[in-house]
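Derivation of every value follows stated rules applied to the coordinates shown; laboratory data play no part. Quick caveat, the model's predicted, so the values are computed rather than measured. As a convention, Cβ positions derive from the backbone with ideal geometry for all residues, glycine included, and neighbour counts pool all protein chains shown.
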Amino acid sequence: MQNVPSVHSNGVFTYLCGAFLQNMRSCIIIPIHNEAQHLEQVLDSFVNQTVLPDQLVLVNDGSTDTSGQICEQFSEKYPWIQSVSTASETGHQPGSKVVAAFYHGFTQLSYSGIDLIGKFDADIILPTHYFERVYALFQQNPKVGIAGGNLYINTKTGWTFEALSTKDKVRGPIKLYRKECFDDIGGLKHSIGWDTVDELLARFHGWEVVTDTSLIVKHLKPTGNAYHHSAKHKQGEAFKRMRYGFWLTVIASAKMAYKKRSLPFFWNTLQGFWNAPEEYIVPEEEGRFIRSYRWRNIRRKVGF
């Protein structure tokens, strides 16, 4: 993608471009649970953006550290930042806890006037032009329903792409949705896998998912580090609830296990799939689309 000029640069065109981007009303929600170690640095990366969100809602979800105080400090200093508190389920269960906190923040939004809705995590550092560049993706193409950058983790060799998925996927910690797309997909599902099924449902409804791979977002805590041991079967449950079917689950589980270098992950995921109840987060029509879309991608990758 062609870079969008900074709104702080000189020139009439750049000024008008920046004003055009700022006309998109965006509201961002950040669920927060015991993130005090890095939270000030994280929030600084939001307030130092070249184009600011119209509203940032910080949801302190039962933190026992000083996260709540930090949220209050930022909300007192910046009028476009709001701090609220909730206490969702205990334990760091993937999916359901963070989505519950997200929706607590969602109730604070002036929903009717929003163009873009963001769900971000409290362990990321944004490049200063993140929103400027992602807003431009939505402006350039009215069919873009979900957009974002890429997550990188700190390794022995420096900041490296977090290869739990491909670079064309917008990961859960840094997602922006066009409001109409958010409505079409029924919002976020209260389940692990919400940030996979949302993109599949967006495509089902005719929306496009776009990433700007030049946007490097630092992910301070690699995915899964905080998950409780009791969550080991949740990925398999998610595949079941998304109507993947057995063989797609086998392939997806094997791929994820390989990336994690963990054979137990593969067996735990299959066990989660086998033992999960017949409770789905998508109806059968959307499930057929999801299976068809996944199989098409597999055939394309293997050359069929």
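About the centre of its Cα atoms, segment 12-219 shows a dipole size close to 440 debye [charges on the beta carbon of Lys, Arg (+1) and Asp, Glu (-1) only; nearest 20 debye].
What the Cα atoms of segment 232-302 give is an Rg and a Dmax of 12.0, 34 Å. Every helix of 4 or more DSSP H residues in the chain counts as -39500 (n - 2.57), and over all residues that averages to -13000 deg cm²/dmol at 222 nm. Each of 302, 248, 262 was scored by the projection of its Cα onto the charge dipole of segment 232-302, and the greatest displacement toward the positive side belongs to 302; charges sit on the C-beta of Lys, Arg, Asp and Glu.
Protection proxy ranking for 130-137, 285-292, 58-65, 209-216, using the average of other Cβ atoms within 10 Å per residue and placing the highest first: 130-137, 58-65, 209-216, 285-292. Per-residue packing, averaged as other Cβ atoms within 10 Å, sorts the ranges 115-126, 36-47, 74-85 into the order 115-126, 36-47, 74-85, beginning with the highest. Which of rounded, prolate or oblate describes segment 160-261 when judged by the alpha-carbon gyration tensor and an a/c cut-off of 1.5? Because a/c hits 1.5 or more and a/b fails to exceed b/c, segment 160-261 counts as oblate. Convex hull volume per residue, computed on the Cα atoms of the chain, equals 146 Å³.
Magnitude of the charge dipole for segment 232-302, about its Cα centre and with charges confined to Cβ atoms of Lys, Arg (+1) and Asp, Glu (-1), is about 580 debye.
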